[in-house]
Amino acid sequence: MCGIVGYAGGRQALGIVVDGLRRLEYRGYDSAGVAIVDEGELTALKKAGKLANLEKVLADEAVKGVTGIGHTRWATHGGPTDRNAHPHLSVDGRIAIIHNGIIENFSALRAELTAGGIEFASDTDSEVVAHLIAAQGGDLTQAMLAVCQRLEGAFTLLAVSADQPGVVVGARRNSPLVVGRGKGENFLASDVSAFIEHTREAVELGQDQIVTITPDSIDVIGFDGKAAVGRDYHVDWDASAAEKGGYDWFMLKEIAEQPGVLADTLRGRLTEAGEIALDEVRLTDQDLRDVDKIFIVACGTAYHAGLVTKYAIEHWTRIPCEVELASEFRYRDPVLDRSTLVIAISQSGETMDTIMALRHAKTQKARVLAICNTNGSTIPRESDAVLYTRGGPEVAVASTKAFLTQVAACYLVGLHLAQVRGIKFTDEVAAIVAELQAIPAKVEQVLSTMEPVRELARELAGAPTVLFIGRHVGYPVALEGALKLKELAYIHAEGFAAGELKHGPIALIDQGTPVVCVVPSPRGRSILHDKVVSNIQEVRARGARTIVIAEEGDEAVAQFADDLIYVPQTPTLLAPLVTTVPMQVLAAEMAHTLGHDVDQPRNLAKSVTVE
Ligand code: F6R
C-alpha cells in the first residue's frame, strides 16, 4: 500500500528512483511523484494515474541531482488526483515528504497549522508532515524526530531538504521501510525489490525508528532519540526474480513458478530425525504440546489458505482449529490464553489487519506463529516463531504462488504439531511429506494442460456471473476461485459450499450460468464425491453450464460436465494444491480477454498496510 523509494549516492537519482518505483508499483498505482535535490535546489514532479503518466512528464524535464525520493500511491485520504499525489512540499518548497500509512490525528494537526496561516495544497493526511518539519527547522533528522513524536497512526515517511543535499531521512511506525546498503550509495524502500538490482545487502529497521542515509552512512535512532541499530541481512534472490522473465504479466510468471516455489517451501524442512524444521523458533516442543486450540488469522487469499489447511490440521493433530478473518478477530473478543496457538498467515508480512490480530493475541498471552513470505517483515518479527514460505517476490496484486506455498507451509506446521504431540509417528509424517513432495510435479502437469482452460476463459469472458462450488477442502478452493475472478475480471463471482446451494443460492442459476465445480477424489472419500456429483446434477438441471475440475480417472462425473478439467490424482487433504491452479489460469485469462490490467486490478494494491 504505497511504494516508497529514497536514494543518496553519487549517481543521478531520478532514474534510480523511477526504476525503484516501477518495481513497487504493485503497492499502489493511483498516482506517482518524485523529489530530487541538487545543490540547494529541490525539484518535485507528480502526476495522477500510473507511473507511466509521471514518466511522460519526466521525459520533458531535465532533473539533475544525486539525492531523491519517489512515491507510488494507493489513495486513503484525498482522491487520486495530481494535487493529492506525493511528494508534498513545505510552503517555501524546500522540504519534500512522502508517506505510506494513515496519520490518524491529522485533522487536529491540520487545524493547528491552518490557524498558524498555512494554506494546504492537498486533501491528504500526509501534507501536515511537510509543514511540521518545516516549522521545526534545523537538522532534518532532528526535525523528523520531533514531528514523529507528535504523530499518531501508522506511517513510513521519507523527507529531503534543499538545505541538506545528500541526505534522506526516513521514519517508520507500523508500516514497512528497509535500507539498502550500497557502496558509496544507500537506499530506502518499502521493500527490497526497489533496490535489488543495486545491492542485496539490506538493513531491517525496528518499529518507531528514524534512519538517516547519506552516500556513506546509515544512522538509526529511536523515536526516543537514542541511537539504535538495524539488523543487517543478505537478500537471497536477485533482480531477475522480480522481473517478468518473458511473460506478459507477472501473474502468469508467478503461476508458472508454482512447482519450483512449492519445492522450495518443502526443501530441507524434514530433518534427518524426521522433524519439521521451523525457521526461527521461539516456541519449545513443550509449548507446542500445551496447545489446546488453534486460531488461524489472515486476510483474503491467505485466509482461504487457512480455511484449506484447517481440515488437515484438525485431522492430523486432533486440536480444534478455527479460521478467522484478521479484520474481525479482535473485535469479537475471542477466547485466548497461553495454550492457544495463533497462526498468522501473510505473504507480505505487513497486512495491518493481520498485525493487529496478532498483537491482540499477544496481549492475551497466546503464542503466535507466522507463516510468511517476506523475510524480516513486521508479522514474523512480532511473532514467537516463523515458517517462511520461500515463495520469492510476488509482484502481481492477485496472489497465486503465495497461496500454494502458504497451504504447504501450514501442512508442515500441522505435521510438526502432530509429531511433537505424539499423534503421528516419524514414518507417518515422512509418508505425508513424501506425498507433499510429489505435488510440484503434479502442479507442473496441471500447468502443461491449461490451453483448454484459456479457451474456456475467452468463451466465458462475457458472462455476467460465475459461481464456484465445492465441499470439504473444495469449499475454500471455490471461495478462492471466486475471489480471483472478482478481483481480476471485475465480474460477479461467488463461492459456495455445494451443500448450501439448495438453501438459497441455487436461485441464482439461470440458463447458461457458468458454475465451476470442485470435485473431491472418488477414492477414499466416496461419500463426499457422490454428494458433489449430486450437487452438480442439481445445478445442471436448472440450466447451469458446469465446468468440472475432477481428478484423472473420475469417469462418474464426466457425464455431468459441460467442460471437464482433469487434474492428477492427489490425496483429498492435499488436493487444493492442484485444484486451485486451473482457477488462477481461468481468472488471469478472462481478465486479459476483457482488456484489464492483470497485474494491477482497479482499486486494489498489494500489501494492505491500513486497517
Ligand atoms: C488476493 C490477495 C489478497 C491478499 C490479502 C492478504 O489475490 O492477494 O486477498 O491475500 O490482502 O495479504 P497478505 O498475504 O500479504 O497478508
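Measuring r between the beta carbons of residue 286 and residue 105 and using R0 = 51 Å, the FRET efficiency lands at 0.70.
Think of segment 3-243 as a dipole: +1 on every Lys or Arg Cβ, -1 on every Asp or Glu Cβ, centred on the Cα centre; then among 111, 144, 168, 111 lies furthest on the positive end. Computed from Cα atoms, the angle from the helix 13-24 axis to the main principal axis of the chain rounds to 20 degrees.
Positive-end ranking of 433, 466, 527 along the dipole of segment 415-531, with charges on Cβ about the Cα centre, is headed by 527. Placing +1 on each Lys and Arg Cβ and -1 on each Asp and Glu Cβ, with no other charges, gives the chain a dipole about its Cα centre of roughly 820 debye.
Using C-alpha pairs under 8 Å with a sequence gap of at least 6, the mean separation divided by the residue count of segment 283-347 gives a relative contact order of 50 percent.
Temperature 37 °C, viscosity 0.692 mPa s: under these conditions the Stokes-Einstein estimate for segment 528-611, based on its Kirkwood radius over C-alpha pairs, is 214 µm² per second. Note on residue 365: lysines with a C-alpha under 23 Å away, same-chain residues under 8 apart excluded, are 293, 310.
Taking R0 as 30 Å, what FRET efficiency do you get between residue 183 and residue 244 from their Cβ-Cβ distance, rounded to the nearest 0.05?
On the way: r = 28 Å, r/R0 = 0.94.
Efficiency, from the Cβ-Cβ distance: 0.60.
Extension gain for residue 152 to residue 237 (0.36 nm times residue separation, less C-alpha to C-alpha distance): 27.1 nm. Each principal axis of the Cα atoms in segment 271-437 has its own extent, and those three values, largest first, are 39, 36, 26 angstrom.
Report the gain in length on full extension from residue 503 to residue 425: 0.36 nm times residue separation, minus Cα-Cα distance, nm rounded to one decimal.
Values: separation 78, 0.36 × 78 = 28.08 nm, distance 4.21 nm.
Fully extending the segment from residue 503 to residue 425 adds 23.9 nm.
Could you order the peptides 73-84, 124-135 from most to least packed, using the average number of other C-beta atoms within 10 Å per residue? Before the final figure, lay out each step's value.
Details: 73-84: 18.2, 124-135: 24.9.
By packing density, highest mean first, the sequence is 124-135, 73-84.
Here the simple spin-label model places points 7 Å from the Cα toward Cβ, and for residue 438 and residue 136 these points are separated by 6.1 nm.
How much length, in nm to one decimal, is gained on full extension between residue 556 and residue 448, taken as 0.36 nm per residue of separation minus their Cα-Cα distance?
Details: separation 108, 0.36 × 108 = 38.88 nm, distance 2.42 nm.
Value of the extension gain: 36.5 nm.
A simple rule links phi to the HN-Hα coupling: the Karplus curve 6.51 cos²θ - 1.76 cosθ + 1.60 with θ = phi - 60°, which for segment 367-379 gives 8, 10, 10, 9, 10, 9, 9, 10, 4, x, 6, 4, 4 Hz, with x for Gly and Pro. Put simply, the Cα atoms of the chain extend 76, 56, 43 Å along their principal axes, the longest span coming first. In straight-distance terms, cross-link reach from residue 46 covers every one of the lysines whose alpha-carbon lies under 18 Å from its own, apart from those fewer than eight places away in the same chain; here that gives 56, 64. Working from Cα pairs under 8 Å separated by at least six residues, relative contact order for segment 271-437 is 27 percent. In nm², what is the average projected area of the convex hull enclosing the Cα atoms of segment 3-243? Averaging across all directions leaves 11.4 nm² for the Cα convex hull.
Taking a straight Cα-Cα cut-off under 13 Å and skipping sequence neighbours fewer than 8 places away in the same chain, the aspartates and glutamates within cross-link reach of residue 47 are 30, 55, 82.
Relative protection proxy for 438-446, 51-59, 414-422, from highest mean packing down: 414-422, 438-446, 51-59 (other beta-carbon atoms within 10 angstrom). Amide H to amide H distances under 5 Å link residue 276 with 271, where only residues 5 or more positions off or on other chains count and H is placed in the peptide plane. Along segment 345-357 the Karplus relation, 6.51 cos²θ - 1.76 cosθ + 1.60 evaluated at θ = phi - 60°, assigns HN-Hα couplings of 9, 7, 5, 6, x, 10, 5, 4, 4, 6, 4, 5, 5 Hz to successive residues, with x for each Gly and Pro. As a calculated quantity, the FRET efficiency between residue 523 and residue 338 at R0 = 41 Å, using C-beta atoms, amounts to about 0.50. Under the criterion of Cα pairs below 8 Å and six or more residues apart, the relative contact order for the chain equals 12 percent.
Using the alpha-carbon positions of segment 192-287, Rg (one decimal) and Dmax (whole number) come out as 18.9, 49 Å.
Let me know the charge dipole size of segment 548-611 about its Cα centre in debye, to the nearest 20, where only the beta-carbon of Lys, Arg (+1) and Asp, Glu (-1) is charged.
320
No solvent, one uniform scatterer per C-alpha: report log10 I(q)/I(0) for segment 445-593 via the Debye equation at q = 0.16 1/Å, two decimals. Each listed q maps to, in turn, -0.76.
According to the calculation over all Cα-Cα pairs in segment 358-452, the P(r) per 10 Å bin from zero is 14, 34, 34, 16, 3, 0 %.
Measuring between alpha carbons in the structure, the pairs from 486/606; 244/401; 362/606; 484/606 lying more than 18 angstrom apart are 362/606.
Averaging over all projection directions, the Cα-based convex hull of segment 499-577 occupies 5.0 nm² in the image plane. Each of 385, 230, 537 was scored by the projection of its Cα onto the charge dipole of the chain, and the greatest displacement toward the positive side belongs to 537; charges sit on the C-beta of Lys, Arg, Asp and Glu.
Each value in this text was obtained by applying a stated rule to the coordinates, not by laboratory testing. As the structure is a prediction and not an experimental result, all values here were calculated from the model. Note: ideal-geometry Cβ built from the backbone for every residue, glycine included; neighbour counts use all protein chains shown.
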